[in-house]
């Protein structure tokens, strides 16, 4: 990503996070954590990745709330974002955390299996002395 693109994405991230706290009165808004913003090279499209701090069980509720309030969030963002065109916003559930958790679970399981199949060092020494 270009430097300007990164700067604008960071600004959009901050502005949307602030708008969620200040502009929306719905109780679902406090559950949302904006994790990342990806911008197209022409700055016309922004993919906003989010998570629910309460967990994936609130995903649908948060998605519906964000879609319903996209115009409000866009207006709040436009007040402080000085670009030629205001980007179209699409909200995307961030799968990265769940993928990381799955990898951690697999690594933990493999580690437990490896420890279970390893022969303790004392048993291997006993076998050597018997020979």
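The values are calculated or read from the model by the stated rules, or taken from the named source; none is laboratory data. Computed from a prediction, not measured in an experiment: that's the story for all the values here. With ideal geometry, Cβ positions are generated from the backbone for all residues, glycine too; neighbour counts draw on all protein chains shown.
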Of the residues 38, 58, only one is in the same structural domain as residue 83 (by TED's automatic domain parsing), under 20 Å from residue 81 (Cβ atoms) and in contact with a strand residue (DSSP E or B) (Cβ under 7 Å, 6 or more places away or on another chain); which?
38
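Table: residues versus (1) part of a loop (DSSP other than H, G, I, E, B); (2) outside the structural domain of residue 7 (by TED's automatic domain parsing); (3) surrounded by 15 or more Cβ atoms within 10 Å (Cβ to Cβ).
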| position | (1), (2), (3) |
| --- | --- |
| 30 | no, no, no |
| 33 | no, no, yes |
| 46 | no, no, yes |
| 50 | no, no, yes |
| 75 | no, no, no |
| 84 | yes, no, no |
| 99 | no, yes, no |
Out of the residues in region 9-24 that are in contact (Cβ under 8 Å) with a residue 60 or more places away in the chain and in contact with a strand residue (DSSP E or B) (Cβ under 6 Å, 6 or more places away or on another chain), which is farthest from residue 72 (Cα to Cα)?
12
Which residues, taken from region 21-42, are modelled with pLDDT of 90 or more and more than 17 Å from residue 95 (Cα to Cα)?
39, 40, 41, 42
